[in-house]
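The values are calculated or read from the model by the stated rules, or taken from the named source; none is laboratory data. In this text, all values refer to a predicted model and were calculated from it rather than measured experimentally. Cβ: placed from backbone, ideal geometry, glycine included. Neighbour counts: every protein chain shown. These area figures cover heavy atoms from the full protein model, side chains too; ligands, DNA and RNA do not enter into them. Shrake-Rupley method; radii C 1.70, N 1.55, O 1.52, S 1.80 Å.
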Amino acid sequence: MHLLRPSRFTCLLLHLTAVARVDAAVNQNVKQVAIIGAGAAGSSTAYHLHKYAKEEGVDVNITIFEKTSHIGGRTLTVDVYDDPHQPVELGASIFVEANHILYDACKEFDLPLKNPGADEDGLLGIWDGRNFVYTQDSASWGWWNIAKLLWKYGSAPYYTHRLVQDTVATFLKLYEAPYFPFRSLSTRAYELGLVKITGSTGEQFLEENKLNGPFAHDIVQASTRVNYASNLAHIHGLGTMVAMAPEGAVAVDGGNWRIFSRMVAESHAYVSLNSTVSSISKEPSATDPETTKYRIKVQTSGSTNTEAETHPVAFDDVVIATPYQFSGITHDENVMPHPVDTIPYVTLHVTLFASPFRFSPAFFNLEPASEVPISVLTTLGKDDEAKAGPSGAGSAGFFSATLVKVVTNPKTQNTEYVYKIFSPDKVTPDFLSLLLGVQVPETFTRSTTSPDSRDGDEGWTVVDPISWYHPTVFHPYPQKLPRVTFQDPILGDGLYYTSGIESFISTMETSALMGKNVARLIADDYLEAPVVQKVDEMEEL
């Protein structure tokens, strides 16, 4: 199964990989920048650095090293039944109106946007493991759903919405001077008063604002669980507010990865896919012993050489645009005077599957003829303890289960339903049997080498009542526990880091913001550096 259709990248990357870098490497006026990781942060760094350098008249060559075969990082689009006409988002699924970088990029690149909701109308439900504590009909008028919320929860929805708006407005100041660019995220968070929000749990922050009641338990907590796999007692206040800011949610038609693919293309960077950076070192410059350059060793997937090789170009700057603790990168002692914090990340199981069956009423303790929500978010039950980690799912056992797409099974030509489940543990056949109300065999996935196997994908096949199956395990974001300091973007002279913002806020947009911030810092440092005259100008003198 292809996570992304390689043919779509071919047109974008052919001109990138064909660019020669030898002459540019010799020219001492050209700055060489390495970016490790082609996700939201790395792509944004490349795109904005190219733009800033062009505006300021600075010559920059950008090289991107990406360990996987695709651009976009955790923005992954999967083709159901390997049919490119039936794509579904596996990773980061939506962005919102307040995400200025992503919205502006879509406009500039003329990328079509779509409503990210399911292909059919139905109920949205909040389930506590025993009962639905709240449901609303997606086909109803917006004012009716608002009225229903106010009837059940009083004024709490209104004031929570106001609190979210005020918090987001404060955060958006990071996009403009004098707060942008920032060399210290901790300093900016303090200056903007955001550490008061990150320093407390969502539960505490809502309590301070007299909003920690049933609405917080049912609706706000369902949002923090589906967005960050965390209960209110184990996520900071800023993460809580971001989880409740879905106004104007959209997605790019064909996959959100297209934003970052276009950013990379527009940056004119040299892109090295399937390339894992194993180490970073520093050495004196060949032309100026008083300055240093970075050397990077890279292991290329599929290469006959099993040893990492030193990249031929020495770099003035290196941007680590991936969580360092998962990168496997080593470094010399003189490379990183300010080490990167190791922080706990969430382990999230994301399971996509197709089935001809709908959710079973019996699973949710409903009467047989009852209408079952097509999108189920969860909260804690009355007797559940608000724990962190995998046990935090409580009685429900999962964070969300949603019908995301209606498709046609290519073998039977029958209509089927594609579901997405977020859970702390692997989805089991027993769980699926209960959820669908039909027996799912223990061996609903089998090796295609077995005598009774059917045509499958990547060595696996699926059998009814599950006609297609795609499980993935992510470390999508840190556990957003309360904190007042954050990893700064500058690790050393010419060494930058983007993932420190993830414990502050973790979204595609904020990763792109940190990429843009690092790009501005690099460009500003170049403008402050003394100008080196070109060789031909020196000869004229």
Name the single residue that is farthest from the chain's Cα centre (by Cα) among those in region 65-81 being of a type outside the set (Gly, Ala, Ser) and closer than 17 Å to SER303 by Cα. PHE65
Testing ALA249 on (1) within 30 Å of LEU403 (Cβ to Cβ); (2) open to solvent by 20 Å² or more (accessible area, probe 1.4 Å); (3) in contact with a Leu (Cβ under 9 Å, 6 or more places away or on another chain), one condition comes back false. Which one is that? (3)
Which one of the conditions (1) open to solvent by 50 Å² or more (accessible area, probe 1.4 Å); (2) out of contact with any helix residue (DSSP H, G or I) (no Cβ under 9 Å at 6 or more places or on another chain) does GLU385 fail to meet, given that it meets all the rest? (2)
Contacts under 6 angstrom Cβ, first residue in region 200-221 being among the acidic types (Asp, Glu), partner part of a helix (DSSP H, G or I), 6 or more apart: GLU203/LEU232; GLU203/ALA233
Residue pairs meeting the criteria (Cβ under 6 Å; at least 6 apart or on separate chains; first open to solvent by 50 Å² or more (accessible area, probe 1.4 Å), in region 428-442; second modelled with pLDDT under 95): GLU442/PRO429
Just the residues that are in a helix (DSSP H, G or I) and either open to solvent by less than 10 Å² (accessible area, probe 1.4 Å) or among the hydrophobic types (A, V, I, L, M, F, W, C) (or both), please, taken from region 252-278. TRP257, ILE259, PHE260, SER261, MET263, VAL264, ALA265, SER267
Just checking, which of GLU56, GLU97 is of a type in the set (Asp, Glu), open to solvent by 10 Å² or more (accessible area, probe 1.4 Å), at pLDDT below 90 and more than 15 Å from the chain's Cα centre (by Cα)? GLU97
Consider only pairs whose beta carbons are under 6 Å apart and that are at least six residues apart or on different chains; among these, list those whose first residue lies in region 117-131 and is farther than 23 Å from VAL407 by Cβ and touching a residue at least 12 places away in the same chain (Cβ under 8 Å) and whose second residue is open to solvent by 20 Å² or more (accessible area, probe 1.4 Å) and in a strand (DSSP E or B). ILE126/VAL133; ILE126/LEU377
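One line per residue, one yes/no per condition, for (1) loosely packed, with under 12 Cβ neighbours inside 10 Å; (2) in contact with a His (Cβ under 8 Å, 6 or more places away or on another chain); (3) of a type in the set (Asp, Glu); (4) not in a strand (DSSP E or B):
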| site | (1), (2), (3), (4) |
| --- | --- |
| HIS85 | yes, no, no, yes |
| TYR103 | no, no, no, yes |
| TYR134 | no, no, no, no |
| ASN145 | no, no, no, yes |
| LEU149 | no, no, no, yes |
In the set ILE259, ILE235, ILE280, which member is hydrophobic (A, V, I, L, M, F, W, C) and under 30 Å from TYR134 (Cβ atoms)? ILE235
Restricting region 182-210 to residues that are open to solvent by 20 Å² or more (accessible area, probe 1.4 Å) and part of a loop (DSSP other than H, G, I, E, B), the residue that is farthest from PRO476 (Cα to Cα): LYS210
Qualifying position, being touching a strand residue (DSSP E or B) at 6+ places or on another chain (Cβ under 6 Å) and hydroxyl-bearing (Ser, Thr, Tyr), among TYR134, TYR153: TYR134
So PHE364 fits all but one of (1) touching a strand residue (DSSP E or B) at 6+ places or on another chain (Cβ under 9 Å); (2) under 26 Å from PRO476 (Cα atoms); what number is the exception? (2)
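Out of VAL313, VAL298, report the one residue that is in contact with a Phe, Trp or Tyr (Cβ under 8 Å, 6 or more places away or on another chain) and either in a loop (DSSP other than H, G, I, E, B) or crowded, with 17+ Cβ neighbours inside 10 Å (or both).
Residue meeting the stated conditions: VAL298.
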